[in-house]
Amino acid sequence: MTFKISTPIKMIALASLQLVATLTFAQTKAPVKTVTLPRPKLVVGLVIDQMRWDYLYRYYDRYAEGGFKRLLNEGFKCENHYINYLPSATAVGHASIFTGSVPAINGIAGNDWVDQATGRGVYCVSDSTVGTIGAAGNGGKMSPRSLLSSTMTDELRLATNNRSKVVGISLKDRASILPAGHNPTGAFWFDDASSRFITSNYYMTELPAWVNDFNSQNNAEKLLANGWNTLYPIDTYKQSTADNVVWEGKFRGETTTAFPHNVNEIFKTNKGVIRTTPFGNTLTLDFAKAAIDAYKLGTSGDTDFLTINCASTDYVGHMYGPNAIEVEDTYLRLDRDLAAFFKNLDDKLGKGTYTVFLSADHGASHSYKFNLENKIPAGYWHTSDFVRNLNQKLKSEFGEDRLVLSITEFQVNFNRNLIKKAKISYDAVKYRSIEILKEDPQSLFVVDMDNLAAATVPAVLKEKIVNAFNYKRSGSVMVVPTAGWIENGGTGTTHGEWNAYDTHLPLIFMGWGVQPGVTYDNTNHTDIAPTIASLLHIQTPSGNIGSVIPGVIKGSPAVAAPAKQSRK
């Protein structure tokens, strides 16, 4: 059967086809204009391990123009920047900076913690399900799986459909892994046994060729070839104590703490010695430069993110304490390394096209013997003695030994399984432990973490304690030592407490999108991630509790200064 189409219908169909063709032709001739979202080519997150805020100014006169002074003169400075949680430890600091969150939420309760359900000790980035890539041994059995919230590096990847490249670098595994987030392009850290940068098969199945090339150059050995002597004449180190004092540590085999340190000889049997020298920072930044070239960071049209932890400042600080010539020399050398690193970015990407922020994971106390010599209250907080004393007294009352497993980060971890098996009241054991700990003159406060609302501690300290408590990973009693009492032996120093020496840290933003300036208002570690997220126009991390810092981003209003009062 055939159908005849009438002339009017033919005319209508022909007109419709002509209209479609005209519209299609118009669309191909006049494409829709697209506007690229303004973002920096690269963000560099620099975290200087154990850098106290006062190091910015203590050595200011000796810094060159291109390093710390460039940050201070060209950037936006947050002069009252503090950690707002406990403990002030490496893993917790990095997790807070990059998640905008605190241990109670992101789960990183310390470098190590005790799983409260099993009593098992946990290292923050350990992962038995993965293997080492790049060396023999277990140095690469690490991943970010213990981190419970996203990072700003994760959010950048999500915002660009994974086109943005994210790379984490440190001598320390935790300080590379946590900043890089859950799904980075790569995370790399240093393996002492092989003197190589390695990774984990969580990230990749083999080391990239550029990492193998870098490792093959024996850079650590070359940097240590001449040992460690002072950069400048030793009598010019006026901000430091004498070169051989009782509170400074020594390398194995040394008979004095004084310069020079024959680390070139020590390296032959201990390749990890580079960590405790300023040359570990040089090695880290050289590796970062190689990563920029290999991954062509900042050149793809999408913003990339490079996280760098300079960890040798921490190792040197632990061995010698903040007042040593070794620490001053380490910062003077780091200043030169940063100047070279910034110049490399200027040459590769162009000045003003990348954004940098610099902060620290934690600070450090003065060595307690240094404090005592200067008539400042201080002492050694003997963790093992507290555990022994608690268990002895609890056994005499409850009839069971080892009711306390350990004290980590000043938190008491109870043997919950034994307490349950012995049918002892957990509350009774906990309350008696609190009473015992309160009797010690070294304890300023002893807090029941299950009853924080009733704790009679200053509000600013209570906030840090609340933010610290992750009930699955934190001990249920926290001891706050008297200021100056530190968990450290006779030499060097450490950190972990709430006091300003451990928690007042540098924070400077510089480069693309940053307006130079300063704020003296309090800012917190949890404010860094939302500030960078706002700069990049990406979502804040999933556990974020921080706020954008006023005045950092170009075009944003600074915090208004309080009105001046007229004199009467």
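The values are calculated or read from the model by the stated rules, or taken from the named source; none is laboratory data. Just so you know, these numbers come straight off a predicted model, no measurement behind them. Please note: Cβ atoms are built from the backbone with ideal geometry, for glycine as well, and neighbour counts cover all protein chains shown.
Checked against (1) at pLDDT below 95; (2) within 30 Å of V316 (Cβ to Cβ), P562 passes all but a single condition, namely (2). Against the conditions (1) surrounded by fewer than 18 Cβ atoms within 10 Å (Cβ to Cβ); (2) touching a strand residue (DSSP E or B) at 6+ places or on another chain (Cβ under 9 Å), S474 satisfies every one except (1). Among the residues of the stretch 117-131, the ones that are surrounded by fewer than 19 Cβ atoms within 10 Å (Cβ to Cβ), touching a strand residue (DSSP E or B) at 6+ places or on another chain (Cβ under 9 Å) and under 20 Å from S406 (Cα atoms) come to 6 in all.
For the residues A187, A159, the requirement of being buried (at least 18 other Cβ atoms within 10 Å of the Cβ), within 19 Å of the chain's Cα centre (by Cα) and not basic (K, R) singles out A187. Among the residues of the stretch 507-535, write down those that are β-branched (V, I, T) and either surrounded by fewer than 23 Cβ atoms within 10 Å (Cβ to Cβ) or closer than 16 Å to I97 by Cβ (or both). Those that are β-branched (V, I, T) and either surrounded by fewer than 23 Cβ atoms within 10 Å (Cβ to Cβ) or closer than 16 Å to I97 by Cβ (or both): I508, V518, T519, T523, T526, I528, T531, I532. Enumerate the pairs (first residue in the stretch 84-104 and crowded, with 24+ Cβ neighbours inside 10 Å; second residue anywhere and among the basic types (K, R) and not in a loop (DSSP other than H, G, I, E, B)) with beta-carbon separation below 7 Å, excluding pairs fewer than 6 apart on the same chain, so at least 6 apart or on different chains. From residues that are crowded, with 24+ Cβ neighbours inside 10 Å, the pairs are Y85/K464; L86/K464; T90/R174; A91/R174; H94/R174. In the stretch 296-345, the qualifying residues are those that are hydroxyl-bearing (S, T, Y) and within 20 Å of the chain's Cα centre (by Cα), and the one that is surrounded by the most Cβ atoms within 10 Å (Cβ to Cβ) is T307. The residues on offer are N262, N219, N244, and the sole one that is among the polar types (S, T, N, Q) and either assigned by TED's automatic domain parsing to the domain that holds A136 or free of Cβ contacts under 8 Å to residues at least 12 places away in the same chain (or both) is N219.
Taking every residue in the stretch 430-451 that is within 18 Å of R416 (Cβ to Cβ) and in the same structural domain as K462 (by TED's automatic domain parsing) and pairing it with any residue that is assigned to a helix (DSSP H, G or I) and small (G, A, S), at least 6 positions away or on another chain, the pairs with Cβ-Cβ distances below 9 Å are D448/A454; M449/A468. Counting only helices (runs of 4 or more DSSP H) that sit wholly inside the stretch 299-385, those with at least 1 residues that are at pLDDT below 95 are 368-373.
Does the stretch 516-532 contain at least one residue that is of a type outside the set (S, T, Y), in a loop (DSSP other than H, G, I, E, B), modelled with pLDDT of 95 or more and in the same structural domain as E74 (by TED's automatic domain parsing)? Scanning the stretch 516-532, I find at least one residue that is of a type outside the set (S, T, Y), in a loop (DSSP other than H, G, I, E, B), modelled with pLDDT of 95 or more and in the same structural domain as E74 (by TED's automatic domain parsing), so the answer is yes. Is it true that some residue in the stretch 441-463 is of a type outside the set (V, I, T), under 25 Å from G399 (Cα atoms), modelled with pLDDT under 95 and surrounded by fewer than 18 Cβ atoms within 10 Å (Cβ to Cβ)? Yes, the stretch 441-463 contains at least one residue that is of a type outside the set (V, I, T), under 25 Å from G399 (Cα atoms), modelled with pLDDT under 95 and surrounded by fewer than 18 Cβ atoms within 10 Å (Cβ to Cβ). When A242, A193, A288, A225 are checked against the criterion of being outside any strand (DSSP E or B) and crowded, with 16+ Cβ neighbours inside 10 Å, A288 stands alone in meeting it. Being within 23 Å of N374 (Cα to Cα) and not small (G, A, S) is the filter; apply it to the stretch 245-261 and report the residue that is surrounded by the most Cβ atoms within 10 Å (Cβ to Cβ). Looking at the filtered set, the residue picked out is E248. Criterion applied to V125, V114 was being over 15 Å from A529 (Cβ atoms) and touching a Pro at 6+ places or on another chain (Cβ under 8 Å), and the one residue passing it is V125.
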